[in-house]
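Have a look at the structure below, then the notes.
FYI, it's all coordinate maths here, none of it is from the lab. It should be emphasised that the depicted structure is a prediction, and the values quoted were computed from it without experimental measurement. Here Cβ is always computed from backbone atoms with ideal geometry, including for glycine, and neighbour counts include all displayed protein chains.
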Amino acid sequence: MPLSHGRPYLAIPGPSVMPDRVLQAMHRPAPNIYAGALVDMVDGMVPDLRAVARTRHNVAIYIANGHGAWEAAVANTLARGDKALVLATGRFGHGWAEIAQRMGVEVEILDFGKRAPVDVTRVEERLAADKAHEFKAVLTVQTDTSTSVRNDVAAIRAAIDRAGHPALYMVDCIASLGCDRFEMDDWGVDVMVTGSQKGLMTPPGLGFVFFNDKAAEARAGMDLVSQYWDWTPRANPQEFYQYFGGTAPTHHLYGLREALNMLVHEEGLEAAWARHARLSQAIWAALEAWGQGGPMEMNIAEPSIRSHSVTAVRLGAPNGTALRDWLSEKAGVTLGIGLGMAPPGDPAWHGFFRIGHMGHVNAHMVLGVLGTIEAGLEALGIPHGPGALEAAAAVVAKG
Ligand SMILES: *Cc1c(COP(=O)(O)O)cnc(C)c1O
């Protein structure tokens, strides 16, 4: 019997759950885009965006998804024929590398596999060997959403510095901003990219590129940056339309304004990080317990390098797909697919799932997901250890 009627829960790692307040803020007629409330609102959002990124520096807003933000960051810093070093720990590191390659950048990838973080010793060695300083940039991802590994952004900066290398340090925080601690200025990040639809709780469609003075200098030295992707007028608009290179994404902005009210002014960034950490621990406690008596296994074994916004799980084929299907059909919960773990078409593809727990997520939502997973394992006869829900509840009880 389906028990799925009721409010559905999209527990995929982006787009994330949109708060009702964000949706309501968007539900209004078209505003004047030349003067008045909208114009004032956007000026006021820039400091809040800087606060979320922990930077005093610049932000350029694009009407784009994360791929657009990736391309914008490359377009402003790397010319055809320039070299970049990409540190890959999953699908998304490779994705950014592909974007750069298509723009003519000579990319070298240090691949750390699907179950480990960036090894900073290898980064230091590779950069130290680049005596001529041919690499213009080092690109990496804080949380790789496919593997759910979380890289140590500050430690990578320290490795770049130990090698005495001047490359720009560019970090993708699309899956982690607002969820995991990130300190752009303190951690020495030159360029950071993110998007609206994950920790920022707003529909997909806004991409953000934060950049410091060193990155602005690199931009100034570029031979050619196309008008639309140029971050300079977006970050320092003389006229309102320059923020967006044309018409403002009006309703996304209303949504984002409300999301920033919730994140920055009501809950507070530090409290949001703590909430994500605690809810992650509850999820991991349940996964750990299930794994004691069956094939369930977290993709990242070491807790200190796991993301606080997404957890990738291995369950063996066809259990992963079977469980996802059961949850969506019978329980109203949609889990994420395993991304980049096995090629589509390979039977092993069906052995994975991911739980998204980013943004507008609370204890009841997490316990609901875990409770329905327990029911699904039971219904499908997938072996699993006992005590998972008790273990998760005990973590939540700690507050
Ligand atoms: C979601 C995501 C992207 C891609 O964002 P799109 O909006 O789908 O283009 C890139 N990097 C990371 C880490 C992500 O989680």
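Filter the trypsin sites (Lys or Arg not before Pro) in the range 1-101 to those in DSSP coil with at most 13 other Cβ atoms within 10 Å of their Cβ, and list the result. Of the trypsin sites (Lys or Arg not before Pro), the ones in loops of the range 1-101 whose Cβ has at most 13 other Cβ atoms within 10 Å are ARG56, ARG80. All other residues whose Cβ lies under 10 angstrom from that of HIS308 are scored, Lys and Arg at +1 and Asp and Glu at -1, for a net of +4.
Assign one of three labels to the range 255-399, namely rounded, prolate or oblate, based on the Cα gyration tensor with a ≥ b ≥ c the square roots of its eigenvalues; rounded applies when a/c is under 1.5, prolate when it is not and a/b is larger than b/c, and oblate otherwise. Kindly include the intermediate steps, with their values, before the conclusion.
Working: a/c = 1.87, a/b = 1.53, b/c = 1.22.
Prolate is the answer for the range 255-399, as a/c is 1.5 or above and a/b outweighs b/c.
The C-alpha atoms of the range 219-336 occupy a region whose extents along the principal axes are 62, 37, 33 Å, arranged from largest to smallest.
Between beta-carbons, use under 14 Å as the cut-off and find the net charge around GLU98, counting Lys and Arg +1, Asp and Glu -1. Local net charge: -3. Counting only residues at least eight positions apart within a chain, or on another chain, the lysines with an alpha carbon under 28 Å from that of LYS398 are LYS198. Return, ordered by residue number, the residues of the range 47-86 whose backbone nitrogen is under 14 Å from a label point located 7 Å along Cα→Cβ of THR232. Hits in the range 47-86 for THR232 at 14 Å: 76-77. The alpha-carbon atoms of the chain define a convex hull whose volume equals 138 cubic angstrom per residue.
Which of rounded, prolate or oblate describes the range 1-151 when judged by the alpha-carbon gyration tensor and an a/c cut-off of 1.5? The partial results should precede the final answer.
On the way: a/c = 2.54, a/b = 1.44, b/c = 1.76.
Note, shape of the range 1-151 comes out oblate.
Legend: ranking of residues HIS308, HIS360, HIS5 from fewest to most surrounding C-beta atoms inside 10 Å; resulting order HIS5, HIS360, HIS308. Compute the distance from the alpha-carbon center of the range 160-207 to that of the range 75-113, in whole Å. Spelled out, the Cα-based centre of one part sits 16 Å from the other.
Note on LYS330: aspartates and glutamates with a C-alpha under 14 Å away, same-chain residues under 8 apart excluded, are GLU374, GLU378. Taking the chain as a Gaussian network of alpha-carbon nodes connected by springs under 10 Å, the highest mean-square fluctuation of the residues GLN227, GLN101, GLN197 belongs to GLN227. Using C-alpha pairs under 8 Å with a sequence gap of at least 6, the mean separation divided by the residue count of the range 31-251 gives a relative contact order of 27 percent.
Shape call for the range 1-67 from the C-alpha gyration tensor, a ≥ b ≥ c root eigenvalues: rounded (a/c under 1.5), prolate (a/b greater than b/c) or oblate? Oblate.
Percent antiparallel among DSSP beta bridges with both residues in the chain, to the nearest 5?
Details: 23 of 44 bridges.
Of those bridges, close to 50 percent are antiparallel.
Note on the range 31-251: the alpha carbon radius of gyration divided by the globular reference 2.2 N^0.38 Å gives 0.98. When each of THR372, THR121, THR321 is scored by the number of other beta-carbon atoms lying within 10 Å, the sequence from fewest to most is THR121, THR321, THR372. Across the chain, the longest piece that holds none of the GluC sites (Glu not before Pro) lying in DSSP loops with up to 15 other C-beta atoms within 10 Å covers 240-399.
A full extension of the chain between ARG91 and GLU329 corresponds to an added length of 82.9 nm, given 0.36 nm per residue minus the alpha carbon distance.
Once the Cβ-Cβ distance of ALA348 and ASP111 is raised to the sixth power relative to R0 = 22 Å, the FRET efficiency obtained is 0.70.
Across the range 36-93, the volume of the C-alpha convex hull divided among the residues equals 136 Å³ per residue.
Once the other residues with Cβ under 10 Å from the Cβ of ALA88 are scored (Lys, Arg +1; Asp, Glu -1), what is the net sum?
Values: positive: ARG91, LYS114; negative: ASP111, ASP144.
Residues near ALA88 contribute 0 overall.
Listed by number, the DSSP H helices of the chain that run 20 Å or longer by alpha-carbon position along their axis and have mean Kyte hydropathy of at least 0.0 are 37-53, 269-291, 363-380.
Sort SER280, SER304 so the one with the fewest other Cβ atoms within 10 Å of its own Cβ comes first. Don't skip to the answer; put the middle values down first.
On the way: SER280 24, SER304 8.
Going from sparsest to densest Cβ surroundings: SER304, SER280.
Taking label positions 7 Å along the Cα-Cβ direction at both ALA30 and ARG162, the computed distance is 5.7 nm, reported to one decimal.
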